[in-house]
Amino acid sequence: MSSIKPKILTTLKTYSKEQFFKDITAGIIVAIIALPLSIALAIASGVSPEKGLHTAIIAGFLISLLGGSRVQIGGPTGAFMIIVYNIVTQFGIDGLIIATFLAGLIMILMGFFKLGSIIKFIPYPITTGFTSGIAIVIFSSQMKDFWGLQVENVPSAFIDKWKVYFDAFNTMSLQTTIIGMIALLIIVLWPKINRQIPGALIALIVTSLLVNFLDLSVPTIGTKFGELSSSLPTLQLPSITLDKISLLILPAFTIAILGSIESLLSAVVSDGMIGGKHRSNMELIAQGIANMASSLFGGIPATGAIARTVANIKNGGRTPLAGIIHALTLLLIMVLFMPLAKMIPLTSLAAVLIVVSYNMSGWREFKELFKSPKSDILVLLMVFFITVLVDLVKAIEIGIVLASLLFMKRMADVSKVNVTNLDASEENDTEFNFEEENKTLPSSKEIQIYEINGPFFFGAADKFIEATNKIGPKTKTLIIRTRNVLSMDATALHAFKQIIDTCKHKKISILISGINEQPLHVLQKADLYNVIGENHFFNKVEDAIQFAVSHR
């Protein structure tokens, strides 16, 4: 079980002066990386630029202070962009505050109920499918600003959006496109010059200077949002009604699940890089508290950001103090330089998000999954296309249900019930192999053996029921061999009760061999252990056969 204890309490016990300076350096560099991303993601999510910084400051601080990872960096990420935009469009800022607050509450409950490890069992094709789908949607949403298209309202539906783009392509602004291309090239090529300073920041500075000094007619943050405030965020309490909560609970669950998956995935990746071990349940609680606090101060959803966490590690960050420094640095930048952000061209921010969408797409992983079983490919494509063409919420719902059904079918396929008669003169459907020293055991038409192989659950219970039809008319003893059954559910238990009733009616004695701990506990709890009889349970099938022969 993960401990409900912030990681910072553990790391500070052995903290050193050398690590302090490394954490400061890493925190400042990560803050510089987070600055353009936070602004770009806020605008793309349908809120004002400073709300992205408020989120990175408040949520980033709390995730590092209270989290279960040594190096996790929290803040807004691309995974939330689409769902936040849809919430803001339909329910306004009040709706976003309520949904984010509820999501935080759900994450806290998940942590307290020790669900941190369970969330990791979301199938890989689902996470890859919706991540790739979100990347395509993010890319599509940036085309208007990148090309400078004169479009009043861009539809939210993917196909309708691209129809509008093609119809309005003749309104493309050459100046806007050139600035966007310059920003894109700087972001892509800058790492060849310097990897410490992020290319996105250099791109925003260079293109802002070009637009302002050359007096280019290119839309900027200032032309869209006006003057930007550098003041600290204030508490915002929304108007809450039961109707709003009922409408927003599903988006809140989606935010909570997405945030949980992304934060724990980031924590697992960072563990591998530093040789550490995060506390998943504490991480969920911290993420929940951070989202609740962020929402009350007008922020957007936040989670662990993999790219920023990796940057933190690569620059020497090894304790939560680096994440705290990152949040404080962003606060200082916002107070001192926020008004200058109005100079940033929107096309440059679009270029930043285009690169984010490419990095997020995971096209190599997507391609590799086509080597997987067909059922996994089906889940991958289903989630991907529903994410792009319909809705992220429905994609996750349908993906999880489909993956679960396919998993159950797969388990049912590998679960078998073999029927064997101890009659040497008859041919059986399944060959029954005794141990070498027991080949001299007597044969008998009166003894029949059922061997259950694989998980004994509702998907395989029907095979057990069907096998009852193979009980021979001369059968006096039925041996149920369960050495390969590690688990049993309620449906399988019901099937067990049915065969006990059938055997009781036909006056057939039941013997159980090789039963494992969980199925035994299930039978005991249902009082079937006493119904069958304690002396009818054996460790080995050979002992059960000898008992049956001696009691004929």
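Values for this structure:
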| quantity | calculated |
| --- | --- |
| Residue 289, sole failed condition from (1) touching a strand residue (DSSP E or B) at 6+ places or on another chain (Cβ under 8 Å); (2) over 17 Å from residue 52 (Cβ atoms); (3) aliphatic (A, V, I, L, M) | (1) |
| Unmet criterion (only one of (1) within 15 Å of the chain's Cα centre (by Cα); (2) among the small types (Gly, Ala, Ser); (3) farther than 18 Å from residue 267 by Cα) for residue 92 | (1) |
| Some residue of the stretch 58-72 being among the basic types (Lys, Arg) and more than 30 Å from residue 225 (Cβ to Cβ) | yes |
| Residue count for the stretch 444-464, restricted to those that are out of contact with any strand residue (DSSP E or B) (no Cβ under 9 Å at 6 or more places or on another chain) and either closer than 21 Å to residue 504 by Cβ or surrounded by fewer than 18 Cβ atoms within 10 Å (Cβ to Cβ) (or both) | 3 |
| Listing of helices (runs of 4 or more DSSP H) fully contained in the stretch 457-552 that carry 1 or more residues being touching a residue at least 40 places away in the same chain (Cβ under 8 Å) and in contact with a helix residue (DSSP H, G or I) (Cβ under 8 Å, 6 or more places away or on another chain) | 458-467, 541-550 |
| Selected residue (criterion: farthest from residue 86 (Cα to Cα)) from residues of the stretch 142-166 that are in contact (Cβ under 8 Å) with a residue 40 or more places away in the chain and among the polar types (S, T, N, Q) | 142 |
| Some residue of the stretch 34-48 being free of Cβ contacts under 8 Å to residues at least 60 places away in the same chain, within 19 Å of residue 344 (Cα to Cα) and in the same structural domain as residue 93 (by TED's automatic domain parsing) | yes |
| Number of the condition not met by residue 21 [criteria: (1) part of a loop (DSSP other than H, G, I, E, B); (2) within 27 Å of residue 201 (Cα to Cα)] | (1) |
| Test set (1) under 42 Å from the mean Cα position of the chain (by Cα); (2) at pLDDT 80 or above; (3) among the β-branched types (Val, Ile, Thr) - residue 447 fails condition number | (1) |
| Residue list for the stretch 17-57, restricted to those being polar (S, T, N, Q) and buried (at least 24 other Cβ atoms within 10 Å of the Cβ) | 38, 45, 55 |
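Matching residues to (1) outside the structural domain of residue 464 (by TED's automatic domain parsing); (2) touching a Cys at 6+ places or on another chain (Cβ under 6 Å); (3) surrounded by 15 or more Cβ atoms within 10 Å (Cβ to Cβ):
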position: 482; (1), (2), (3): no, no, yes
position: 497; (1), (2), (3): no, no, no
position: 505; (1), (2), (3): no, no, no
position: 510; (1), (2), (3): no, yes, yes
position: 513; (1), (2), (3): no, no, yes
position: 518; (1), (2), (3): no, no, no
position: 526; (1), (2), (3): no, no, yes
position: 533; (1), (2), (3): no, no, no
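The values are calculated or read from the model by the stated rules, or taken from the named source; none is laboratory data. The model shown is predicted, which means the values in this text are computed figures rather than measured ones. No Cβ is skipped: glycine too gets one built from the backbone with ideal geometry, and neighbour counts run over all protein chains shown.
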